[in-house]
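K.L.:
Here it is, the structure, as structure tokens.
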There are 2 protein chains.
Amino acid sequence: MRQASIYDTTLRDGTQAEELHLTTEDKIRIAGKLDELGIHYIEGGWPGSNSTDKQFFKEIKNYALKNAVVSAFGSTHNAKTGPESDPNLKSIIDAQVEVATIFGKTWDFHVTSALRVPLPRNLELIGGSLAFLRKNVRELFFDAEHFFDGFKANPEYAIACLKAAREAGTDVLVLCDTNGGTLPTEIGEIIQKVQAALPGAALGIHTHNDCELAVANSIEAVRHGAVQVQGTMNGYGERCGNANLCSIIPSLELKLGVRCIGPENLKKLSGVSLYVAETANQRPFPRQPYVGGSAFAHKGGVHVSAVLKNPHTYEHIEPALVGNTNRVLLSDLAGRSNILFKAKQYGYDLDKDDPAVLDLLAELKRREAMGYEYSVAEASYEILFFRMMGWSKRYFQMLNYRVLDAVNDDKEPFSEATVMLQVRGEVAHTAATGHGPVNALDVALRRALEPSYPTLAQMRLLDFKVRVMSLASKDGNGTASYVRVLIESGDRHNRWTTVGVSHNIIEASWQALVDSINYKLFKDDPQKWPKPGGKHDSPLVHETKKA
Amino acid sequence: MRQASIYDTTLRDGTQAEELHLTTEDKIRIAGKLDELGIHYIEGGWPGSNSTDKQFFKEIKNYALKNAVVSAFGSTHNAKTGPESDPNLKSIIDAQVEVATIFGKTWDFHVTSALRVPLPRNLELIGGSLAFLRKNVRELFFDAEHFFDGFKANPEYAIACLKAAREAGTDVLVLCDTNGGTLPTEIGEIIQKVQAALPGAALGIHTHNDCELAVANSIEAVRHGAVQVQGTMNGYGERCGNANLCSIIPSLELKLGVRCIGPENLKKLSGVSLYVAETANQRPFPRQPYVGGSAFAHKGGVHVSAVLKNPHTYEHIEPALVGNTNRVLLSDLAGRSNILFKAKQYGYDLDKDDPAVLDLLAELKRREAMGYEYSVAEASYEILFFRMMGWSKRYFQMLNYRVLDAVNDDKEPFSEATVMLQVRGEVAHTAATGHGPVNALDVALRRALEPSYPTLAQMRLLDFKVRVMSLASKDGNGTASYVRVLIESGDRHNRWTTVGVSHNIIEASWQALVDSINYKLFKDDPQKWPKPGGKHDSPLVHETKKA
């Protein structure tokens, strides 16, 4: 079986993405996860360029990596000096890594217009830098910056750059599509010409996504014999990002029969993708191929009924192969089969003609007509499901709430909420101010509940979405429309989304807040109902239903 | 020059995306923008499946499209009936469109396991449905569902399906990679075999992005002769989405030399991409190729200094070709040139070094950093522009407002607003209830203003959109984030959109409401300033500036 090694540069090129910042501690944690995933090379950074990266190389030595080796990155030496006195190369040696990657110019236009040295001098910089490092590292890679643009402009010179690197003892010549403008057919043609000029050279590929072709270009390079693929988790990187390893790895393993991390590690991919996103404080992209939250989510009724018969009908791979799961979106586009699918996940094996199913279907249709959207608010759906199945426990009861928003004389707006609840037989009456009405309500609600339910302190509101549902009310006034609010919450272990709908944005937010808190309390409840593994026909269920 | 036509299915397949919903009104507006962009075919929906789509086909007839024709979508007829009595085909005819697209099964496994009819019967369904529609439409397309998977499983049968469609008079046979699992090399090989089996047939391509290869696959199909590309704006669609037209169109035009919308329309691409995202209430994806906010943003120090010397060093195309801008070198100048462009529309011929332009640029930058987004709120921009140019007239002045929202004992929520304004030297103090806080504020505001400005009675709020701008505040609480509100208003002649931003959703709504009313009063003002056609240096301007 053919093999390709994966070279991850999330910690270096990935951090060039807008609004993405990693601390040394973040980098250490991500490196640990990449190692677990079976990535071969982790580029830790550019030790000569900043202290975060320098610190990373120092600290990572305290960790015993099982699969990955750490690589340090740097440029060819300064044209005014020799390699021996270049601080950048020295810092790579000081980083005490097994692998070093040096990037150099291979596009004549860049050599003369950006680097501003004569073309032959650049060949010396490449060869000299790599030869200098050769004895200090176990493996040595050359990132041929702008190689494809360079080859198109001046093929002889681009090849001469690779030759200089090869003669200096470089192990892999990595062809870079730095500007991301190259088409897959060009990738294949140019690689064939490189192979003709440098028979037997080990080639790598490093692409950027400016044409939404970075994955295709990487695959095309491997098809033509590249033995190393450089990229980042979730495709993070400057401009449109780097080649997305979360798409390349499964396509190589599952579609091209090229072994890289192996089938067992592949099952960790969705988890690692999410871990990196969260650590980098990046909103996960739901439509992300293979690993995204929507990647195997089915909405259309035709699709849903076919997928229930056979997932292969609308799924190109089995989601479990990459650690993902398929999801049926609960919407009015689909129907009863969705309810049965979800019920099974909750431990209920229901019949499609069960009266409880018919009741739930009717209730769902009624609510969806009002604007509730359960496909994205599964926690609200789960609460509704258990209520319809007879779960009657109430953690608290609302008596009333009130929110006041005011602005005087162009001052900052002011929001104050009061909440009155019945909690465990007592009346809790609290007040709070906040950065807006929903925040004020949330704070007042927690003040009323946390004395009785201290685990609520672990819970955080993570995101808040508002949608106005219909354009115009009967009187033609847009602001009188229905408002749907989605709230995403999380604790240390989970994330969940709840929904509220009302004419009134405050009331819709309140409903979603209350559902979110109920969901947290339900999940934490030691007397949770039904008991884990409980079935629809368990005695407990019927007992509670009668209650 | 080779040509390919673009078939947009944002309004149909795009709405299968999770959390994406379009009202009929949204669809009409998006169709208008796609028409301006020069898209050839706009698939409006599935008139047989739901009332939103049916209504769309009814209403779009009131609009004269300049470039695009509207297409209706549907499946092959029910296997138990003939085409004549199929309600789905009838609804396509009732939609009175020039173009119809019928999808049918071409994968034997789907025919027997999902459709559950014998293989020959499916050929009759395809041929019969298309032949029945042939005389009712000008152009007829066949979406060959799962074609590539079907061809791999049973090439003879997949080809027989295409032949049945072709013999029924279909104009374009659209090969679909419905599950998105096909590789570019397979696309090319299979198309060549189809061309050998059906010489001269016009082929189209419809791909999904489950391997992050939809764009590469579409381009590969065009390279092999496909004459129609189906896709969606921003790649919206079920699971990982459809082929992203915002990436395909510029690559065809700029890289493959295939004409589709032409260079002038191409400059509108970034604007239309954003417009569709905002209308669909989808967060724009910053790293989106060609049109994304980060697509030409340079962060790395090496890149920035090279780009400042020559943008070509790290940019694969000139961003202006797709209506985007370079964020390092050109953001300032582009901002300024936009200001000059808009100013001209308002009757001002300004110089780029005019102090007023520099002031406005600084103010815009300050506000955009706060979350204001003027590209979709031109009415707010116009007000800001005239204020910066010295327009000092105030139709009213806010003294204070207050909104109370309350719910008691599970009753309906109750909203009451009071507003105190200075209007024409008098204090107007009004109160109103409403269906929610923004509606209550709007009613109270109108009560205070309509006695002085009776034309406000013609004005209606048409749409209201809310976006939470950042994930978490300092205390980790999502609801404390910044909120941006967009309000669309209209009267008998015009529609306009305004923006407000605050921690507090009520305050953000208030700002947008006030801008909207000011815009209406400004447009209706007989002493409007500057006078129509007035220039920056007209006496009126200077007089007013001095006042």
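K.L.:
Of the numbered conditions (1) under 20 Å from A:Thr279 (Cα atoms); (2) in contact with an Asp or Glu (Cβ under 8 Å, 6 or more places away or on another chain); (3) of a type outside the set (A, V, I, L, M); (4) not in a strand (DSSP E or B), A:Glu43 satisfies every one except a single condition; which is it?
P.N.:
The number of the failed condition is (4).
K.L.:
Is at least one residue of region B:152-165 in contact (Cβ under 8 Å) with a residue 12 or more places away in the chain and within 14 Å of chain A (Cβ to nearest Cβ)?
P.N.:
So in region B:152-165, the residues in contact (Cβ under 8 Å) with a residue 12 or more places away in the chain come out as B:152-155, B:157-165.
So of that shortlist, the ones also within 14 Å of chain A (Cβ to nearest Cβ) come out as B:152-153.
Yes, some residue in region B:152-165 is in contact (Cβ under 8 Å) with a residue 12 or more places away in the chain and within 14 Å of chain A (Cβ to nearest Cβ).
K.L.:
If you go through region B:35-48 one residue at a time, do you hit one that is away from chain A (no Cβ under 12 Å) and surrounded by fewer than 18 Cβ atoms within 10 Å (Cβ to Cβ)?
P.N.:
Among the residues of region B:35-48, at least one is away from chain A (no Cβ under 12 Å) and surrounded by fewer than 18 Cβ atoms within 10 Å (Cβ to Cβ), which makes the answer yes.
K.L.:
Can you pull out every residue in region B:133-158 that is closer than 15 Å to B:Lys105 by Cβ and under 28 Å from the mean Cα position of the chain (by Cα)?
P.N.:
Of everything in region B:133-158, those that are closer than 15 Å to B:Lys105 by Cβ and under 28 Å from the mean Cα position of the chain (by Cα) turn out to be B:Phe142, B:Asp143, B:Ala144, B:Glu145, B:His146.
K.L.:
Can you tell me which of (1) surrounded by 20 or more Cβ atoms within 10 Å (Cβ to Cβ); (2) part of a strand (DSSP E or B) is the one B:Val427 doesn't meet?
P.N.:
The number of the failed condition is (1).
K.L.:
Could you tell me how many of the residues in region A:249-278 are crowded, with 19+ Cβ neighbours inside 10 Å and either in contact with a Gly (Cβ under 6 Å, 6 or more places away or on another chain) or in contact (Cβ under 8 Å) with a residue 60 or more places away in the chain (or both)?
P.N.:
Total satisfying the criteria: 12.
K.L.:
Out of all the residues in region B:78-130, which are touching a residue at least 40 places away in the same chain (Cβ under 8 Å) and part of a loop (DSSP other than H, G, I, E, B)?
P.N.:
B:Ala79, B:Gly82, B:Asp86, B:Ala95, B:Val97, B:Glu98, B:Thr106, B:Trp107
K.L.:
Is at least one residue of region A:445-452 surrounded by fewer than 21 Cβ atoms within 10 Å (Cβ to Cβ), within 11 Å of chain B (Cβ to nearest Cβ) and under 30 Å from B:Ala417 (Cα atoms)?
P.N.:
yes
K.L.:
Suppose the filter is at positive phi, crowded, with 22+ Cβ neighbours inside 10 Å and of a type outside the set (Ser, Thr, Tyr); does A:Arg287 pass it?
P.N.:
no
K.L.:
Moving on to the next point. Can you pull out the residues in region B:277-298 that are touching a Phe, Trp or Tyr at 6+ places or on another chain (Cβ under 9 Å) and over 19 Å from A:Asn242 (Cβ atoms)?
P.N.:
Listed by number, the residues that qualify are B:Ala277, B:Ala280, B:Gln282.
K.L.:
Please tell me if A:Pro284 is more than 27 Å from A:Val514 (Cα to Cα) and either modelled with pLDDT under 85 or more than 8 Å from every other protein chain (Cβ to nearest Cβ) (or both).
P.N.:
no
K.L.:
Sticking with this structure for a sec: Please specify each residue of region A:200-225 satisfying the condition of being on the phi > 0 side of the Ramachandran plot and more than 8 Å from chain B (Cβ to nearest Cβ).
P.N.:
From region A:200-225, those on the phi > 0 side of the Ramachandran plot are A:200, A:212, A:225; that's our starting set.
Scanning region A:200-225 gives A:Gly200, A:Gly225.
K.L.:
Does any residue of region A:6-24 turn out to be surrounded by 15 or more Cβ atoms within 10 Å (Cβ to Cβ) and in contact with a His (Cβ under 6 Å, 6 or more places away or on another chain)?
P.N.:
Let us first name the residues in region A:6-24 that are surrounded by 15 or more Cβ atoms within 10 Å (Cβ to Cβ), namely A:6-18, A:20, A:22, A:24.
Add one more test, that the residue is in contact with a His (Cβ under 6 Å, 6 or more places away or on another chain), and what stays is A:6.
Yes, there is a match, as at least one residue in region A:6-24 is surrounded by 15 or more Cβ atoms within 10 Å (Cβ to Cβ) and in contact with a His (Cβ under 6 Å, 6 or more places away or on another chain).
K.L.:
Oh, and also: Name, by its number, the condition in (1) crowded, with 23+ Cβ neighbours inside 10 Å; (2) under 30 Å from B:Ile30 (Cα atoms); (3) hydrophobic (A, V, I, L, M, F, W, C) that does not hold for B:Leu203.
P.N.:
(1)
K.L.:
Scan (1) at the interface with chain A (Cβ under 9 Å from one of its Cβ atoms); (2) out of contact with any helix residue (DSSP H, G or I) (no Cβ under 7 Å at 6 or more places or on another chain); (3) assigned to a helix (DSSP H, G or I) for the single condition B:Arg467 breaks and write down its number.
P.N.:
Single failed check for B:Arg467: (3).
K.L.:
One residue is enough: does region B:114-127 have a residue meeting the conditions on the phi < 0 side of the Ramachandran plot, within 12 Å of chain A (Cβ to nearest Cβ) and out of contact with any helix residue (DSSP H, G or I) (no Cβ under 7 Å at 6 or more places or on another chain)?
P.N.:
no
K.L.:
Inspect region B:180-198 for any residue being more than 10 Å from every other protein chain (Cβ to nearest Cβ), within 28 Å of the chain's Cα centre (by Cα) and surrounded by 24 or more Cβ atoms within 10 Å (Cβ to Cβ) and give the result as yes or no. Walk me through it before giving the result.
P.N.:
Residues of region B:180-198 more than 10 Å from every other protein chain (Cβ to nearest Cβ): B:187, B:189-198.
Retained after the next criterion (residues that are within 28 Å of the chain's Cα centre (by Cα)): none.
Scanning region B:180-198, I find no residue that is more than 10 Å from every other protein chain (Cβ to nearest Cβ), within 28 Å of the chain's Cα centre (by Cα) and surrounded by 24 or more Cβ atoms within 10 Å (Cβ to Cβ), so the answer is no.
K.L.:
Which residues, taken from region B:230-274, are of a type in the set (Asp, Glu), more than 26 Å from A:Thr325 (Cα to Cα) and within 13 Å of another protein chain (Cβ to nearest Cβ)?
P.N.:
The initial filter retains those residues of region B:230-274 that are of a type in the set (Asp, Glu), namely B:238, B:253, B:264.
From the residues that got through so far, the ones that are more than 26 Å from A:Thr325 (Cα to Cα) too are B:253, B:264.
The one that is of a type in the set (Asp, Glu), more than 26 Å from A:Thr325 (Cα to Cα) and within 13 Å of another protein chain (Cβ to nearest Cβ): B:Glu253.
K.L.:
Kindly indicate which of A:Lys411, A:Lys352, A:Lys393 is in contact with an Asp or Glu (Cβ under 8 Å, 6 or more places away or on another chain) and assigned to a loop (DSSP other than H, G, I, E, B). Talk me through it step by step, then tell me what you get.
P.N.:
Details: A:Lys411 fails: in contact with an Asp or Glu (Cβ under 8 Å, 6 or more places away or on another chain); A:Lys352 fails: in contact with an Asp or Glu (Cβ under 8 Å, 6 or more places away or on another chain).
Just one listed residue meets the conditions, A:Lys393.
K.L.:
Name the pairs whose Cβ atoms lie under 7 Å apart, with the first residue in region A:502-527 and within 14 Å of chain B (Cβ to nearest Cβ), the second acidic (Asp, Glu), and 6 or more positions between them or separate chains?
P.N.:
As it stands, the answer is A:Asn504/B:Asp405; A:Ile506/B:Asp405; A:Leu513/A:Asp442, since those pairs meet every condition given.
K.L.:
Specify the residue that is surrounded by the fewest Cβ atoms within 10 Å (Cβ to Cβ); the eligible residues are those in region A:395-419 that are under 36 Å from the mean Cα position of the chain (by Cα) and either among the acidic types (Asp, Glu) or facing another protein chain (nearest Cβ under 7 Å) (or both).
P.N.:
Among those that are under 36 Å from the mean Cα position of the chain (by Cα) and either among the acidic types (Asp, Glu) or facing another protein chain (nearest Cβ under 7 Å) (or both), it is A:Pro413.
K.L.:
Sticking with this one: Considering only residues that are under 17 Å from the mean Cα position of the chain (by Cα) and surrounded by fewer than 24 Cβ atoms within 10 Å (Cβ to Cβ), look in region B:487-502 and name the one that is modelled with the lowest pLDDT. Let's see the steps before the verdict.
P.N.:
Applying the first criterion (under 17 Å from the mean Cα position of the chain (by Cα)) to region B:487-502 yields B:487-488, B:495-497.
Those still in the list that are surrounded by fewer than 24 Cβ atoms within 10 Å (Cβ to Cβ) too: B:495-496.
Values: B:Arg495: 82, B:Trp496: 90.
The selected residue is B:Arg495.
K.L.:
Can you pull out the residues in region B:14-26 that are in a helix (DSSP H, G or I) and modelled with pLDDT under 95?
P.N.:
Let us first name the residues in region B:14-26 that are in a helix (DSSP H, G or I), namely B:14-16, B:24-26.
The answer is B:Thr15, B:Gln16, B:Thr24, B:Glu25, B:Asp26.
The values are calculated or read from the model by the stated rules, or taken from the named source; none is laboratory data. These figures come from a predicted structure and were not determined experimentally. Virtual Cβ from ideal backbone geometry, glycine too; neighbours counted across all protein chains shown.
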